[in-house]
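The next block holds one structure in the form of structure tokens; read it before the comments.
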Amino acid sequence: MEIYSAWYDGSIICRTMIIAIDFDGTLHTGKWPGIGSPAPYAVEVMRRLKADGHYLIVWTCREGERQTEMVNWLLEQGIPFDRVNEHAPGTVELYGYAARKVYAHLYIDDKQVGGLPMWAEIYEFVRGKEEEYHKQLRIEN
């Protein structure tokens, strides 16, 4: 999947929205360091986001064995993702450095101000942002 491409004026555009999703407290209902059940509708919404063409980065504090357990759990649940804690291809080259915080158009996290909305609300929010993004780029759906 090519994420960045040259625009007609020579500038670089991102062809898809990059979304960073927290793991603990966002994709599952368990308490760290354990992993619980998938959060209600998280699996379905993540699948829809991927089907809509978004680039999904799981953004987590887990590392080592706990990160491996997380990746295996995501695969077992059928939750799609493109990367874990890594920038989308082309991002580092575009911006010239690899910041510790991954670049994304949107971040979904249970620690956000106001708390985590229901996953159906998250999907509708993303769709609205996607429409704004496409209008900004003059891309038609």
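Bear in mind these aren't lab numbers, they're just calculated from the coordinates by the rules spelled out. These numbers come from a predicted model, not from an experiment. Cβ sites come from the backbone with ideal geometry, for glycine too, and all protein chains shown count toward neighbours.
Miscellaneous remarks
- Compared with the alpha-carbon gap, the fully stretched path from residue 129 to residue 95 is longer by 10.0 nm at 0.36 nm per residue.
- The residues 125, 81, 23, when put in order of fewest to most other Cβ atoms within 10 Å, stand as 125, 81, 23.
- Order by protection proxy (mean Cβ within 10 Å, highest first), peptides 44-55, 101-112: 44-55, 101-112
- Here the contact order of the chain, divided by its residue count and restricted to Cα pairs under 8 Å and six or more residues apart, works out to 28 percent.
- FRET efficiency for residue 72 and residue 37, using Cβ-Cβ distance with R0 set to 25 Å, rounded to 0.05: 0.95
- Largest mean-square fluctuation among 127, 100, 83, in a Gaussian network model of the chain whose springs join Cα atoms under 10 Å apart, belongs to 100.
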